[in-house]
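Single-structure report; data block below.
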Amino acid sequence: MKDVKALVLRAAGINCDCETEYALELAGAMAQRIHINRLIEDKSALEKFQILVLPGGFSYGDDVAAGKILANQIIHHLYEPIQKFIDDGKLVLGICNGFQVLVKTGILPGITNHESRVTSHEPRVTITNNDSGKFEDRWVYLAPQTQKCIFLEPDRQIYLPVAHAEGKVVTKDTDTLEELKSAGYVAFKYVDEDGKEGGYPINPNGSMDSIAGLTDTTGRVLGLMPHPERHIRPTQHPHWSRHESRTIHPPKQSFCGGRTSHELCLKLLKISNGWRQSSDP
């Protein structure tokens, strides 16, 4: 069984790369942070990895729009190598700003009005300003919505933090929204502790249909606004010391099978195991 290597993409303004690297290593991968300029200089470097992670932060100060400049860099310099990376059966994960980037490149959800995702510049899905008009920093519940995404455990709700000002997922029209749902592109929805959708603050940004994350047709690309790398230890939960067990158990054990929330968030990052299982003969 081969070692699994994860590339954590760096750029100006990215500020979650170190904890993402640590979380991936804790999950069993060999992680390395590489600046996008180095990858543009040597595109073949991507071939050495099985996982590509676009972490959170504020790439290039979120000028123009969140993730837009980094997305343009990828479109014009790295789109083909990343598409080959996906076509080769490897995995891509975008967290918060990384999710915004994947959507604005067209990699997620991968449906556009034209044959070429690179040149159309007419995405049918985007991510925009929160309805609250402010930065949202709170803990949320997520419920998986699809069976095809390799990152997810169906029917297992997770609990983790969000931290963003532009997290609202919107579609161009109702037909696109229906396609996302019917074709299994919706990876996660925001829910309450009982697994039910609701308004603010259950849905912290006003995303259409409570969408918190998306996948693509392959199920090997995942983007989500919340931060799984920020809840990989029980002590990362703000209320951990108030519980006798010193761990945080989700209120509804039926969703989590008795596992703690931080264990489920770590499971989301144990994508190295998923890649191994899918690539082994």
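Which chymotrypsin sites (Phe, Trp or Tyr not before Pro) in region 122-177 pass both tests, a DSSP loop state and at most 12 other beta-carbon atoms within 10 Å?
Taking region 122-177 and a limit of 12 other Cβ atoms within 10 Å, the loop chymotrypsin sites (Phe, Trp or Tyr not before Pro) found are 135.
Apply the a/c threshold of 1.5 to the C-alpha gyration tensor of region 25-69 and tell me whether it is rounded, prolate or oblate.
oblate
Cα gyration tensor of region 43-185, axes a ≥ b ≥ c as square roots of the eigenvalues: rounded (a/c below 1.5), prolate (a/b > b/c) or oblate?
Rounded.
In which sequence would 90, 48, 148 go, from the one with the fewest C-beta neighbours within 10 Å to the one with the most?
With the fewest neighbours first, 90, 48, 148 line up as 48, 148, 90.
If you take the square roots of the eigenvalues of the alpha-carbon gyration tensor of region 39-92 and sort them as a ≥ b ≥ c, do you get rounded (a/c under 1.5), prolate (a/b over b/c) or oblate?
Cα axes put region 39-92 in the prolate bin.
Taking other Cβ within 10 Å of each residue's Cβ, how do 124, 233, 220, 10 sort, fewest first?
By the 10 Å Cβ count, ascending: 233, 124, 10, 220.
Sorted by mean Cβ packing within 10 Å, highest first, what order do the peptides 211-219, 15-23, 166-174 take?
211-219, 15-23, 166-174
Mind sorting 207, 182 by how few other Cβ atoms lie within 10 Å of their own Cβ, fewest first?
If I rank by nearby Cβ atoms, fewest first, I get 182, 207.
Values quoted throughout were computed directly from the atomic coordinates according to the rules given, and no laboratory measurement underlies them. These numbers come from a predicted model, not from an experiment. So basically every Cβ, Gly included, is an ideal-geometry build from the backbone, and we count neighbours across all protein chains shown.
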